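S.K.: Let me begin by handing over the structure; questions about it come next.
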Ligand SMILES: Nc1nc2c(c(=O)[nH]1)N[C@H]1C(S)=C(S)[C@@H](COP(=O)(O)OP(=O)(O)OC[C@H]3O[C@@H](n4cnc5c(=O)[nH]c(N)nc54)[C@H](O)[C@@H]3O)O[C@H]1N2
Ligand SMILES: Nc1nc2c(c(=O)[nH]1)N[C@H]1C(S)=C(S)[C@@H](COP(=O)(O)OP(=O)(O)OC[C@H]3O[C@@H](n4cnc5c(=O)[nH]c(N)nc54)[C@H](O)[C@@H]3O)O[C@H]1N2
Ligand SMILES: [Mo]
């Protein structure tokens, strides 16, 4: 290790860095393929978008708490820390926070939304979401939480119902090593874009997917990449690229399943021993139950992949050791439950699941720590306290929660009721990046009495808050870096002096806790350093029990990365395969449920089905909005974070996001490279820079998520994000009443060359404009 370079971690990689007014960053030397996102870090420390003092919205200050549709348009008053903390504490106390909470009965936290979804930054202690949860438990006795994630909700719910706890055990196989060594055919629904494997929540010390794929290719493994975008899979030999209409994978899979069934290729022995309900499903495949055989020709008419090719891949899969990988992307869409369930069923029909390198995986092509073995020791984790409120929403129902208090909805086969929310507290997330239909989210954010947000930069979410507390960034504080399935504990010593005026989330909450009389609960009398020493103990002790000699906390923090042992006990699914009776899945039948009685009893189809809807190219709505927008993950950044960094900005033109489209679509629109396009539907619109590219299927247009939301009322066009944030047009409808997941991946839109005046992109430090601050009266 170079002497002045010290280790640190971000979600997209371990690195070494030093700071002398500028930050120098080099990737971790054991990382075979470091991510380009590391380049963004140098812009982080003293960026003009950083917040350096608390801000309070003028309307809230003058009129007091309450619903207010000026959120997003109002002025802000700068405030000293003590004054701002006093003000916030007074409001929290008004809403019921304090030391004397009722022992039983209704708690004030029942009116507080503290789900606070978001990736914040790496580091086990200063994890903003854990901090806010701990604080709300201490101050309000709990809060209305969220379940599932924007990453995986439809898929997580359906797999929980039909695959049991396999996902939760984070013990999916096959691991990358098995793919490298054994897999003969990898069928990747959603492709396997290496750009996505840059990131894992908590950190990613070694990017091993690329080398593993190439090792498999050298061994002669074949690949089928199924994605409307051809460059979603590495340029390797033996890759067949199928580009179905987006959102139609379940039809394609059913066409494959029909061939397996019809030609007697389905593995009856596997189906009999490990699954339940195949006969009912087979009646659907053959058309016995609904009159429509799901032949490859039927599938081809929906997904637009040639019938013969569908049949050929099904047959090939039976001759090879085949692995079916389904990415998160497929389920972030209407009825996203179905392709995930059907992917599992397809793997079960192939029957090779017990073989090394074969079977089924979910999110192998989506996130960096899938396909890595779990650790043999526990990781440091901040205790969040007890949430005695016990209420929650499916994460992507945030607008609905705020707009429809006490309204009913369905989730995971139950009917539930929304809470009546008066306070929203958010730290470490950016809903005005991540949520769908941002105009509707603005209406929702007008409803609560008070919104408090911590962030280090002036995002569009802070722009809709009443009280904004400026947070430090991970480079400015000590922490412990670690992530599930990642074999290193990374010291994250402070590298950069904290920005004047910014504070750690922990210190902000601790100061509020003192004012509310709940400091005993929140801090337990400990400093950040005390906590970290304590959290580290858990891992250190486990290492010691195994006979290792881990360093003391102080030596760890001052020293180098610490290798962690991986677990070699058999995976959950391997245990099940070895002994289905003795180690059943936690489904009602103890098996993989191809037919689920409880799903059928709740009024849904009891097995995977193709369901028509209004957000795909074959729907009637496509006549009005003939392009399918794919709003996927950005190569040069993580979501909206450090969007001002080098790798992120390099992919924009004049600060505006780029929209890729097929060259023939471009010529039909009269668009050439560099033209400004307007992409819109009835929910709103955004501007983006045209980039014709043969990597796209026709009638598919693609833009990465993450541009900072900058809505402008464009003459003749209405509310338009001039920076290119796609969530102004995406739909806020849940995946379905089963999973209620985010469906923001796929949206029907119209596209035109924008002939009006083109407003410049709004730069990051102007999202929460400096000119509206400093208005202290
Ligand atoms: N249309 C569409 N929308 C999508 C998706 C899609 O595919 N299509 N993908 C979805 C997915 S999978 C996800 S996970 C979400 C991601 O959505 P988010 O997780 O909300 O996105 P981030 O940009 O990571 O937001 C993290 C925020 O935390 C702040 N932050 C970082 N460190 C700290 C800290 O220490 N303290 C505090 N207080 N703040 C900090 C950052 O500045 C940033 O504003 O987006 C979702 N949205
Ligand atoms: N560089 C980078 N990596 C990231 C992130 C990031 O922000 N930046 N975010 C991380 C997070 S939080 C998550 S949850 C994961 C998300 O992982 P995913 O959700 O899997 O990733 P996406 O990039 O949204 O989509 C992957 C590809 O799926 C294809 N696709 C879209 N719709 C369909 C469809 O209907 N059928 C088929 N067959 N293919 C389709 C698209 O062409 C798209 O490029 O990525 C993680 N990785
Ligand atoms: Mo995600």
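S.K.: What do you reckon, is residue 644 within 15 Å of ligand 1 (Cβ to nearest atom), in a loop (DSSP other than H, G, I, E, B) and not assigned by TED's automatic domain parsing to the domain that holds residue 235? Walk me through it before giving the result.
M.R.: Numbers: within 15 Å of ligand 1 (Cβ to nearest atom): yes; in a loop (DSSP other than H, G, I, E, B): yes; not assigned by TED's automatic domain parsing to the domain that holds residue 235: yes.
Answer is yes for this residue.
S.K.: Go through the range 157-274 and tell me which helices (runs of 4 or more DSSP H), entirely inside it, have 3 or more residues that are away from ligand 3 (no atom under 16 Å from the Cβ), surrounded by fewer than 24 Cβ atoms within 10 Å (Cβ to Cβ) and free of Cβ contacts under 8 Å to residues at least 40 places away in the same chain.
M.R.: On the way: elements: 176-181, 209-218, 249-262, 268-274.
Answer list for the range 157-274: 209-218.
A quick yes/no check of all residues on (1) out of contact with any helix residue (DSSP H, G or I) (no Cβ under 6 Å at 6 or more places or on another chain); (2) within 16 Å of ligand 3 (Cβ to nearest atom); (3) on the phi < 0 side of the Ramachandran plot; (4) not assigned by TED's automatic domain parsing to the domain that holds residue 471:
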site	(1), (2), (3), (4)
324	no, no, yes, yes
336	no, yes, yes, yes
361	yes, no, yes, yes
398	yes, yes, yes, no
406	yes, no, no, no
417	yes, no, yes, no
422	no, no, yes, no
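S.K.: Please enumerate the residues belonging to the range 479-503 that are part of a loop (DSSP other than H, G, I, E, B) and either touching a strand residue (DSSP E or B) at 6+ places or on another chain (Cβ under 7 Å) or buried (at least 21 other Cβ atoms within 10 Å of the Cβ) (or both). Walk me through how you get there before you give the answer.
M.R.: Kept after step one, since they are part of a loop (DSSP other than H, G, I, E, B), are these residues of the range 479-503: 482-487, 493-502.
Matches in the range 479-503: 482, 483, 485, 486, 487, 493, 495, 496, 499, 501, 502.
S.K.: Would you pick out the residues in the range 691-718 that are under 17 Å from residue 629 (Cβ atoms), in a strand (DSSP E or B) and out of contact with any helix residue (DSSP H, G or I) (no Cβ under 6 Å at 6 or more places or on another chain)?
M.R.: 691, 696, 700, 701, 702, 704
S.K.: Residue check, residue 73 against (1) over 22 Å from residue 517 (Cα atoms); (2) touching a helix residue (DSSP H, G or I) at 6+ places or on another chain (Cβ under 8 Å); (3) part of a loop (DSSP other than H, G, I, E, B), all met but one. Which one?
M.R.: (2)
S.K.: Take residue 305 and decide whether it is surrounded by fewer than 24 Cβ atoms within 10 Å (Cβ to Cβ), touching a helix residue (DSSP H, G or I) at 6+ places or on another chain (Cβ under 8 Å) and not assigned by TED's automatic domain parsing to the domain that holds residue 742. Break it down stepwise before answering.
M.R.: On the way: surrounded by fewer than 24 Cβ atoms within 10 Å (Cβ to Cβ): yes; touching a helix residue (DSSP H, G or I) at 6+ places or on another chain (Cβ under 8 Å): yes; not assigned by TED's automatic domain parsing to the domain that holds residue 742: yes.
Yes, satisfied.
Yes/no matrix, rows are residues, columns are (1) without any contact (Cβ under 8 Å) to a residue 60 or more places away in the chain; (2) more than 21 Å from residue 152 (Cα to Cα); (3) not assigned by TED's automatic domain parsing to the domain that holds residue 71:
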{"residue": "701", "(1), (2), (3)": "no, yes, yes"}
{"residue": "704", "(1), (2), (3)": "no, no, yes"}
{"residue": "709", "(1), (2), (3)": "no, yes, yes"}
{"residue": "720", "(1), (2), (3)": "yes, yes, yes"}
{"residue": "730", "(1), (2), (3)": "no, no, yes"}
{"residue": "733", "(1), (2), (3)": "no, no, yes"}
{"residue": "760", "(1), (2), (3)": "no, yes, yes"}
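S.K.: Okay, moving on. Taking the range 170-191 as the search range and keeping residues that are more than 16 Å from ligand 1 (Cβ to nearest atom) and either under 28 Å from residue 435 (Cα atoms) or outside the structural domain of residue 222 (by TED's automatic domain parsing) (or both), which one is farthest from the chain's Cα centre (by Cα)? Break it down into steps so the answer makes sense when it comes.
M.R.: Step one: of the range 170-191, the residues more than 16 Å from ligand 1 (Cβ to nearest atom) are 170-188.
Within this subset, residues satisfying the condition of being either under 28 Å from residue 435 (Cα atoms) or outside the structural domain of residue 222 (by TED's automatic domain parsing) (or both) are 170, 188.
Details: 170: 16, 188: 19 Å.
That would be 188.
S.K.: Let me ask something else about it. Restricting attention to the range 647-682, report how many residues are within 16 Å of ligand 2 (Cβ to nearest atom) and either in the same structural domain as residue 440 (by TED's automatic domain parsing) or in a strand (DSSP E or B) (or both).
M.R.: Qualifying residue count, the range 647-682: 4.
The values are calculated or read from the model by the stated rules, or taken from the named source; none is laboratory data. No experiment lies behind these values; they were computed from the predicted model shown. As a convention, Cβ positions derive from the backbone with ideal geometry for all residues, glycine included, and neighbour counts pool all protein chains shown.
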